[in-house]
Amino acid sequence: MTTAIEINNMEYSWPGQSTPLLKIADFQVERGESLLLQGKSGCGKTTLLSLLAGINTVDRGELKILGKEPKTMKPVDRDRFRGDKIGFIFQQFNLIPYLTVTENITAPFLFSKDSSIKADHKELKDRAAELLTHLDLKIDPEKRVTELSIGQQQRVAAARALITAPELIIADEPTSALDDDSADAFLKLLFRETEKLGSTLVVVSHNRALESSFPRVVKMEEINV
Ligand SMILES: Nc1ncnc2c1ncn2[C@@H]1O[C@H](COP(=O)(O)OP(=O)(O)OP(=O)(O)O)[C@@H](O)[C@H]1O
Ligand SMILES: [Mg+2]
């Protein structure tokens, strides 16, 4: 099994849309690939990522993630699959405001029922601290996330996505709140972690400066007809 993402004649519409927002005939991403996805605002990038993560499911056609078809799974199995295999850095972060930095980063373990990814508390805290260091976040891990700057919150969201050592890492505009130097450092971390884990990386970004860092760049208009 070498394909991470496999799409064949897939269609997706939001409720009420008369023509499909997404209509993708043929698109593959191999395991271990790092891919940058580009496209103008509103063209459906975040929607496509939500399908890759099994947050939403396709209306027609085939979409396989790591060999599985989310559409055929029960919602509870889909959630577990996502929790175990996919690290998602959301465009809007989706941090839990009343929890601390450490609690947010380790949250995927709190909600997982899979004992194989349950680690002991100390080990988790250490791993969270290590990710904070790698992300150049010199913050008190016991602070609530609402007390952080937006750029700091974005990196906490990245740490949360990476802590489970996911097979597929999906990042939606992960550098939008970062200055150029931080964006560059962040991207380096993302590549390093991805390589270390042997994971597949899909990044959506408007930032043209990121292009040269990716071995493969795909434009939405090339795949979405
Ligand atoms: N939850 C939703 N319910 C209904 N329509 C939605 C929903 N989310 C997005 N859409 C619609 O789908 C289209 C694509 O939105 P999407 O968020 O995927 O775009 P995008 O390419 O990520 O844009 P941006 O670059 O601004 O983030 C838009 O027309 C939007 O109105
Ligand atoms: Mg978007």
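General observations
- Probe 1.4 Å, protein heavy atoms only - accessible area per residue of the chain in square angstrom: 49 Å²
- Dividing the summed -39500 (n - 2.57) terms of all DSSP H runs of n ≥ 4 by the residue count of the chain sets its mean residue ellipticity at 222 nm at -10500 deg cm²/dmol.
- Once the Cα-Cα distance is subtracted from the 0.36 nm per residue extended length, the Asp140 to His121 segment shows a gain of 5.1 nm.
- Rounded percent of accessible protein surface that carbon and sulfur make up, the range 3-223, 1.4 Å probe: 49 percent
- Ordered from largest to smallest accessible area (heavy atoms of protein chains, 1.4 Å probe), the residues Tyr98, Tyr12 come out as Tyr98, Tyr12.
- More than 32 Å apart - percent of Cα-Cα pairs taken over the chain: 17 percent
- C-alpha long axis of helix 150-162 to longest principal axis of the chain, angle in °: 80 degrees
- Charge dipole magnitude, Cβ of K and R +1, D and E -1 - the chain, Cα centre, debye nearest 20: 460 debye
- Taken one residue at a time, the phi angles of the range 182-189 give Karplus couplings (6.51, -1.76, 1.60, θ = phi - 60°) of 5, 4, 5, 5, 5, 5, 4, 4 Hz. Gly and Pro are set to x.
- Here the contact order of the chain, divided by its residue count and restricted to Cα pairs under 8 Å and six or more residues apart, works out to 29 percent.
- Excluding same-chain neighbours fewer than eight residues apart, the lysines reachable from Lys71 by a Cα-Cα span under 20 Å are Lys23, Lys45, Lys85.
- 15 Å beta-carbon shell around Phe90, net charge (K/R +1, D/E -1): +2
- Low-density loop cleavage sites - trypsin sites (Lys or Arg not before Pro) in the range 1-88, where at most 11 other Cβ are within 10 Å (DSSP): Lys40
- Bridge type composition, the chain - antiparallel percent by DSSP, nearest 5: 50 percent
- Converting phi to 3J(HN,Hα) with the Karplus coefficients 6.51, -1.76 and 1.60 and the offset θ = phi - 60°, the range 15-25 yields x, x, 7, 7, 10, x, 5, 10, 9, 10, 7 Hz in sequence order, with x at every glycine or proline.
The values are calculated or read from the model by the stated rules, or taken from the named source; none is laboratory data. Remember, predicted model here, so these are calculated numbers, not experimental data. Counting neighbours? That spans all protein chains shown, and the Cβs are built from the backbone with ideal geometry, glycine included. Only protein heavy atoms, including side chains, enter the accessible area calculation; ligands, DNA and RNA are left aside. Shrake-Rupley method; radii C 1.70, N 1.55, O 1.52, S 1.80 Å.
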